[in-house]
Amino acid sequence: MSAMTDILYGTLAALPAVFMPENLLYCLFGLVFGILWGALPALSSTMAMALMIGFTAAMPTPGAIIFLLGVYSGSVFGGSISAVCINIPGTPAAVCTAIEGYPLFLRGEGGQAIGTAIMTSTIGNLFGTVALIVCTPIILILALQIGSWEICLLGLWGVLLSGSISDAPALKGWLSGLIGLALSLIGIDTVSGEERFTFGIKALVGGLSFVAVLIGVFGFAEIARGLLFERDAESPPVNRVSILWHQIRRHFKTLISGSSIGTFIGAVPAAGADIAAFIAYSFSRRLATPRERREYGKGSYRGIIAAESANNASVGGSLIPLLVLAIPGSTVAAAFMGALNLQGIAMGPMIRMSHPGMMEFIFASLLVTSVLLGVMGYLIAKPSVALLSIPRGVLLPSIMPVCVLGAFAAQNNISDIYIMLISGIGGIALVLGGFPPAPLVMGMILGPLVDQNFRRALIIFKDQSLMDVLLRPVGLLMLVVIVVTIVGALYSGRPTAQIVEERHPRDGEK
Amino acid sequence: MAFIIEIVALVVALGMGAMAATRLAEPVATSPWIVPLILSSAIVLVSIALLIVEVRDWLKRRAERPGADAVLPPPRSTPARVAGWLALSGGYGVATPLIGFEWATAIFLPVALRTFSRASWPLTIGLTAGMGILLPLAFRYVFQSLVP
């Protein structure tokens, strides 16, 4: 209880620092950039975060944190703008918003649909942040109780889950995750000092730069995919953006359940805003009255409220395992972790001791970002619709120089540009082969955690029998969860996104 | 493409496993090669499983529709565009450290914009100037960062 009070007071004490003019400016820049970026159909939240890491490398730490939180929250919401206006989700998290928002747009209620998305995204973001502040002290206490073996299993579960819930067969997701784990082993081993898989190449001694790989896979490869395999859309006119308070009041329970689901799913390692939105949307439809259910697929505000509150609530949720266990709740959170690592901030159970006040500053920043998301969303939603008419052939090649500079600026290392290029070509091959790139990134960021904790556990348990190790309560629970994840993914056989698409066809009820 | 990736993953994992096995020394618990060995075994298993699934699906498709395995050629322009983009963007990345970011961007962006979107010359010049001059200036003086 005292830890929770400490964190609460610490968060309140950090608010003045967040309200410093330069930090507020960083927050506004981040939000504007994030919303505009998210609104553009070919650009994802992860890509935004990946490219911005290079920019933040030289920023002051508080500015970098608040800027990236703005980009994160803004881009998750921004996806709903193109989802409503052109039926193309700006980010995967806005797929359900497109299902309900586009029919509303065709009825001339596009402005109202966007307004409702703005307000519910803001409330969802705030809900997730409050949950983050409340849950973190509790999980922090639990995290201090679990040992290396359990942390290793948790990291492994994160990679497996990331592969299981992607929009590809589980086996392909797992292979992608395992490749990510293998890539993380390249370079000097921090425990023994021995080089692994460097083959005498000096550029590999320090390991593959996570930022360069992230930009390659989510920048370079996404540019190629958007440019070569997707078509442009027409930008339509939108009426005045207005918030339908009566709809929000009417579906208040949906808003709360969507936010709760979003926070919970966000906190599950590797399950990001898209999964949160899918599940909340599906849940809201199941609990709807027959009359409300008939509206689904034809323009339901209830569906938008569920999906938008959930995807933004997942922002706060995804930071819970990241801050406490150094296990990101999504690929965007993984990018945020990469940015914090560049700033010299190591996540994990000891963060409050190693960086006093940092966790509270992150909480306060996210609170302020959540409130400003509503304001900025309302102000720039309509102008951002104009961006939807930018042809991909103009937009995407123009981002390429940012990829090159972003990869270089993270560590001022020329070889990172080559690593970015090679990762990008690998990313294109993965996408063409039907392999999801997200598990690869999760594997890469969780690799050192799994490797070091596994070996630490081997040393700790060297005099114990295998059964003693396997029967440790938390470890046993984690093993059961891992087995259930593997069996469940193999048994269901179909990717989550495919199941949702089958259950909720865009042309209404079957 | 999936088949190629799975074969490459299998071969690389076998090599990785062999390398880890030969370097694994006592005590195993502290050896940095224990995790690569386990990981390579997992990759081998998953790759083989995926290859079995690929072959099974291929045989099933072939049995259901004779001639279905004859893959239709992709649209004529696509392979050329893919190869062109990869060559152009790859060349840009390689050239940047050699001739500098500004010059590399000044060559890459007009070619890319004119080839992939037929953007007008004023837009092409404006964007090239923006990305080739303003972006590095912002990096140098606002973000206090180096530019290659």
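No value in this document is a laboratory result; all are computed from the given coordinates. Note that the structure is predicted; figures quoted are calculated from it, not measured. Positions of Cβ are generated from backbone atoms using ideal geometry, with glycine treated the same way; all protein chains shown enter the neighbour counts.
Numerical summary
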quantity	calculated
3J(HN,Hα) from dihedral phi, the range A:276-291, Karplus parametrisation 6.51/-1.76/1.60, rounded to Hz, x for glycine, proline	4, 5, 4, 5, 5, 5, 4, 5, 5, 5, 5, 8, 6, 6, x, 5
Residues A:Asp189, A:Asp468, A:Asp6 arranged by fewest to most Cβ contacts within 10 Å	A:Asp468, A:Asp6, A:Asp189
Between helix A:358-385 and chain A: long-axis angle, C-alpha atoms, 0 to 90°, nearest 10	30
Prolate/oblate/rounded call for the range B:77-142, Cα gyration tensor, a/c under 1.5 rounded	oblate
Angle between chain A longest axis and helix A:148-164 axis [Cα atoms, degrees, rounded to 10]	40
Peptide A:160-171 - average C-beta neighbours from other chains (10 Å radius)	1
Residues whose placed amide H lies under 5 Å from that of A:Glu195, excluding near-sequence neighbours	A:Asp189
Sequence-distant lysines (8 or more away, or on other chains) whose Cα lies within less than 23 Å of B:Lys60	A:Lys172
Packing-based exposure ordering (other Cβ within 10 Å, fewest first) of B:Phe108, A:Phe197	A:Phe197, B:Phe108
Cross-link reach list, lysines versus A:Lys298, counting only Cα pairs under 27 Å and skipping chain neighbours closer than eight places	A:Lys253, A:Lys382, A:Lys510
Mean separation of Cα contacts under 8 Å, 6 or more apart, over the residue count of the range B:77-142: relative contact order %	29
HN-Hα J in Hz across the range A:191-199 - Karplus 6.51, -1.76, 1.60, θ = phi - 60°, x for Gly and Pro	7, 9, x, 8, 7, 10, 6, 8, 6
Over chain A: Kirkwood hydrodynamic radius from C-alpha pairwise inverse distances, Å	22.7
Residues A:Arg286, A:Arg107 arranged by fewest to most Cβ contacts within 10 Å	A:Arg286, A:Arg107
Normalised contact order of the range B:2-64, rounded percent, pairs of Cα under 8 Å and 6 or more residues apart	41
Shape category assigned to the range B:2-64 from the gyration tensor of Cα positions, a/c cut at 1.5	prolate
